[in-house]
Ligand code: NAD
């Protein structure tokens with residue numbers, strides 16, 4: 001169902017519709033970077049605050065050569081939906097820099113990260129807009145950024161950025177939170193469908209941070225991880241793979257592709273078949289997990305998909321056209337705004353810990369994550385059944401009704417109407 005149809009179903013007011021069609025604030029910046037060789041390069045960056053009706057904007061910063069303003073804006077809209085869906089007191093934002101970070105030295109990367117914060121400093125803050133990591137940014141980069149912000153405002157302000165190293169006010173459990181949350185959503189769905197993890201096979205596209213933590217926890221919970229891919233290759237083992245062993249190997253060898261050539265470096269000494277990334281998407285598995293980038297499944301390749309269900313850990317990995325096809329075929333999709341919300345839930349817990357100055361054990365963080373996400377997942381499944389819509393549509397309906405309730409409570413209608 002497209003977004004207008006959802007707005008119709010919700011009988012969304014014209015005012016709310018109009019407000020949700022436009023990002024509240026878009027900042028484009030040029031970031032000068034002194035390269036190690038003395039040359040100056042300029043990188044384009046953005047910060048978009050899509051909506052702050054329910055609280056300060058919240059969303060990650062992406063470093064990627066394909067980042068555009070349109071992409072950042074789309075991601076910031078999805079963050080708005082996601083934060084409302086899991087009932088966090090946040091709106092949605094996103095940031096990005098058009099750069100290939102792997103081409104930079106560590107010092108260049110640090111200078112760029114600090115330069116980004118100097119460029120967007122006026123519009124971020126613990127009560128205004130709180131960045132976090134996304135693709136190609138991690139806790140080390142968040143640490144540099146938080147430090148740069150502290151130098152600018154001349155005081156410690158840890159709640160300005162989440163996903164920081166624990167020593168700088170980061171939360172225990174944040175690194176694994178997205179993968180853990182995705183498993184929590186899958187587990188809830190599996191239970192509802194009267195299935196058993198031990199009977200289910202799983203293929204994972206995108207064995208990065210989120211994909212790895214999901215795979216390791218799912219493996220421990222009894223799911224059979226039969227295939228994994230990264231940007232350079234894919235592997236398949238019908239009997240099941242050990243994600244920890246492969247991760248350890250990948251850290252040393254930088255790509256899954258080399259796994260099979262590794263000499264006694266992993267705990268299992270099985271022969272592992274390699275396949276193309278595209279072939280992984282067409283494997284006959286119970287669950288296909290998409291945890292790489294946007295548009296992994298589109299009109300062009302949706303016909304190949306043979307999985308019984310899809311779990312979206314990446315943002316927007318299934319295009320709208322492909323999503324419609326999957327819906328017609330009756331293949332359920334556990335949507336991104338729900339399945340990857342674990343990251344922002346623990347980011348919120350980090351922000352709360354920073355503000356109250358008290359830090360919690362990992363078990364406390366995980367319990368709160370599981371409770372919030374389990375509740376949101378079941379609300380989506382229940383609404384999908386009740387209103388006979390897809391789980392994605394149900395998630396949007398849940399989120400949009402929360403956002404527009406707040407808009408209405410703020411007096412939007414009377415303010416805009418004559
Ligand atoms: P990451 O950079 O650690 O991992 C991405 C992985 O995808 C890498 O291993 C990369 O090699 C792989 N990849 C890229 N192109 C591929 C292709 N064509 N085929 C197969 N693999 C490919 O990033 P991440 O933090 O794990 O994020 C992954 C996705 O999850 C992103 O879309 C991100 O927006 C989303 N997400 C992440 C978080 C988080 O907390 N990490 C939170 C919410 C959403």
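Structure values in brief
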{"read-out": "Residues of segment 217-232 that turn out to be surrounded by fewer than 21 Cβ atoms within 10 Å (Cβ to Cβ), within 15 Å of the ligand (Cβ to nearest atom) and free of Cβ contacts under 8 Å to residues at least 40 places away in the same chain, as a count", "value": "1"}
{"read-out": "Members of segment 182-198 found to be closer than 20 Å to residue 381 by Cβ, more than 16 Å from the ligand (Cβ to nearest atom) and out of contact with any strand residue (DSSP E or B) (no Cβ under 7 Å at 6 or more places or on another chain), listed by number", "value": "187, 188, 190, 191, 192, 193, 194, 195, 196, 197"}
{"read-out": "Filtered residues of segment 377-406 (kept if within 26 Å of residue 319 (Cβ to Cβ) and free of Cβ contacts under 8 Å to residues at least 12 places away in the same chain)", "value": "384, 385, 388"}
{"read-out": "Condition broken by residue 169, with the remaining ones in (1) within 16 Å of the ligand (Cβ to nearest atom); (2) within 24 Å of residue 353 (Cα to Cα); (3) more than 18 Å from the chain's Cα centre (by Cα) satisfied", "value": "(1)"}
{"read-out": "Any chance residue 144 is modelled with pLDDT of 95 or more, in contact with a strand residue (DSSP E or B) (Cβ under 8 Å, 6 or more places away or on another chain) and away from the ligand (no atom under 16 Å from the Cβ)", "value": "no"}
{"read-out": "Breaking point among (1) over 25 Å from residue 17 (Cβ atoms); (2) touching a strand residue (DSSP E or B) at 6+ places or on another chain (Cβ under 6 Å); (3) in a helix (DSSP H, G or I), for residue 135", "value": "(3)"}
{"read-out": "Test: residue in segment 75-93 that is on the phi > 0 side of the Ramachandran plot, in a loop (DSSP other than H, G, I, E, B) and assigned by TED's automatic domain parsing to the domain that holds residue 39", "value": "yes"}
{"read-out": "Cβ pairs under 7 Å, 6+ apart, first in segment 319-344 and farther than 30 Å from residue 365 by Cβ, second part of a loop (DSSP other than H, G, I, E, B) and within 11 Å of the ligand (Cβ to nearest atom)", "value": "319/295"}
{"read-out": "Counted residues, segment 366-390 - those being assigned to a helix (DSSP H, G or I) and surrounded by fewer than 23 Cβ atoms within 10 Å (Cβ to Cβ)", "value": "17"}
{"read-out": "Boolean, residue 347 is assigned by TED's automatic domain parsing to the domain that holds residue 211 and either in contact (Cβ under 8 Å) with a residue 24 or more places away in the chain or crowded, with 18+ Cβ neighbours inside 10 Å (or both)", "value": "no"}
{"read-out": "Selected residue [within 12 Å of the ligand (Cβ to nearest atom), over 20 Å from residue 27 (Cβ atoms) and buried (at least 24 other Cβ atoms within 10 Å of the Cβ)] from 94, 82, 102, 58", "value": "82"}
{"read-out": "Residues satisfying the stated conditions in segment 147-166, i.e. within 16 Å of the ligand (Cβ to nearest atom) and touching a residue at least 12 places away in the same chain (Cβ under 8 Å)", "value": "161, 162, 163, 164, 165"}
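The values are calculated or read from the model by the stated rules, or taken from the named source; none is laboratory data. What you see is a predicted model; the values in this text were computed from it and never measured. Don't worry about glycine lacking a Cβ; one is built from the backbone with ideal geometry, like all the others, and counts go over all protein chains shown.
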